[in-house]
1. For the chain, take the longest principal axis of its alpha carbons; what is the angle in degrees between that and the long axis of helix 329-343, to the nearest 10 within 0 to 90?
2. Kirkwood Rh over Cα pairs of the range 177-321 into Stokes-Einstein at 10 °C, 1.306 mPa s: D in µm²/s?
3. How many percent of the alpha carbon pairs in the range 318-369 exceed a separation of 15 Å?
4. Roughly what percent of Cα-Cα pairs across the range 85-175 reach past 23 Å?
5. Is the C-alpha gyration tensor of the range 1-156 telling us rounded, prolate or oblate? Criteria: a/c under 1.5 is rounded; beyond that, a/b larger than b/c is prolate, otherwise oblate.
6. How large is Rg/Rh for the range 51-136, to two decimals, with Cα atoms and a Kirkwood Rh?
7. Can you give me the three principal axis dimensions of the chain from its C-alpha atoms, in Å, biggest first?
8. Considering only protein heavy atoms and a 1.4 Å probe, what is the carbon-and-sulfur percentage of the accessible area of the range 233-362?
Amino acid sequence: MKNKTPNKLKILNDPIYGFIQIPNTLIFDIIEHPYFQRLRRIMQMGFSNLVYPGANHTRFHHAIGCMHLMQKAIRVLRFKQVSISDEEENALYIAILLHDIGHGAFSHALEHSIVNGISHEEISLKFMKKLNEEFNGQLTLAIQIFEGKNPRKFLCQLISSQLDVDRLDYLKRDSFYTGVTEGNISSDRLIAMMNVKNDELVIEKKGIYSVEKFLIARRLMYWQVYLHKTGLVAENMLVNVLKRAKELAEKGVELYASSALHYFLYKQITKENFTVNTLEMFSKLDDYDILSAIKEWTNHQDRVLSTLSKMIVNRKLLRIEMQKNDFPDNYISKKQEKTAKKLKIAENETHFFVFKQQISHIAYNFNKPILILNKKGKLKDIAKASDQLNLQALTKPVVKYFICYPK
C-alpha cells in the first residue's frame, strides 16, 4: 500500500468562533512545528485562574483565534476593493500566528526574573527568523510586517495597533473564559467596519459605537481582570520565587529543575548572549517546568524559597493594599520588621515578602489614533469624532500604587 499524504487543510472547533479552517499547507506545517506547539503549554493569562477558575486557556487558543479573525479581516477588506496579494495574505496569517511565540512560561514573569534585558517581542522575532531558515525564506514578508517595516502601513496595523486583530481576539476570549461579560466585544462588527484609506487601517463611521464599546471594554478588562489585585500578587510572588531561585543558583546551591529551567537558572542570559542554543532551550521551557519546580521547592531547605513556593501552591497569597497615592517608606519598613520576626528570616530577605510597586494603564493612546472614516472620505480621531465625553477621559493614564506583605 502507498503512504497516504496527510490532509493538511484541517478544521478546528473553537468554543468562541466555531469552526476555524487552516488556510494552506504552509500554515499547517508552522502550527505543527514544536516551537508553535509549545504555546499549548503556556497559559494565556498566567495566574488569573487563581481569581477566575475558568481562565485556563492557552496562547495556542489565542494564536489560532487571531488567525481566524485575520481571515475575516482580509475577506472584508478585499470585498471593499482593498488589494491584498496572496503573498501578503499568507504573510499576515504567519505574522499574527507567531506574534506571541516568544512569550515565556507564565507570560511576563520570566522577563522580570531569570531572562534579563530581552523582551518577548525580541524573542518572537528570533523564533520567526529561525523558522524562516527552516521554511526556506517563506516567512520573510511576515517578519517585515511584524517589525512594522512594510510600506503598506495597514498590514502592520492589522498585527499591531490600538485596534488590531490581537486585541480583538484576546478581549473576547479572556472575557469568555473568565466569565467577565464587560469585555465581550463584537469582533465581527468591528471587522465588518474596517476599511483602508491612505494606506491606514480605518473604521467606517457607522462602526463608531462599536469602537467606543471596545475601548471601554478594554479599560474594564484591565482593571477587573489583567490588573486584578490577586492576580498582581500571584504574578509578583512568582517573579520573586524565580529571583530567589536564581540567587541561590548563582551561589552554587543545587535546585531541582528540568534541563530547560536549569539552563536559565544557572546561566546569566542577556540580549547579548541569547544564542541559537539559548533559543532552543527557551523553546523547551513552559509552564509545566515552572510549576513542577515550585512544587518541589516547597520542600527546599532555603526558608525564603520554600515559604514562597508553599504560598503559591496552596494559594495562601500575600495581602495587598492598593491606593491612588504612594505608600510612605516608614510604612514599608515597619511591615518588613514584622515580617522578619514572623517568618524568622533576615531583614535583607524581607523584600521577597514585602514590596511596593505602581501600575498604570491608558485605555486610549492619542499618539496611535483609531481613525474614523466619514461618508465624505474625511478621517477623524475617535476621541474627537465620538460624542461620548468619557472617551476623552480614557486618554489620561490611571496610576495606582500597591504594597504586598504577609497576612
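1. 60
2. Numbers: Rh = 18.9 Å.
So the translational diffusion coefficient is about 84 µm²/s.
3. On the way: 758 of 1326 pairs.
Value for the range 318-369: 57 percent of Cα pairs lie more than 15 Å apart.
4. Values: 1152 of 4095 pairs.
Considering the range 85-175, 28 percent of its Cα-Cα pairs are separated by more than 23 Å.
5. Numbers: a/c = 1.42, a/b = 1.25, b/c = 1.13.
Judged from the Cα gyration tensor, the range 1-156 comes out rounded (a/c under 1.5).
6. On the way: Rg = 16.0 Å, Rh = 15.0 Å.
Ratio value, two decimals: 1.07.
7. Result, largest extent first: 70, 68, 37 Å.
8. Numbers: 3370 of 6900 Å².
C and S fraction of accessible area: 49 percent.
The values are calculated or read from the model by the stated rules, or taken from the named source; none is laboratory data. Keep in mind it's a predicted model, so treat the numbers as computed, not measured. Using ideal geometry, Cβ is built from the backbone for each residue, glycine included, and neighbour counts are taken over all protein chains shown. Heavy atoms of the whole protein, side chains included, go into the accessibility calculation; ligands, DNA and RNA do not. Shrake-Rupley method; radii C 1.70, N 1.55, O 1.52, S 1.80 Å.
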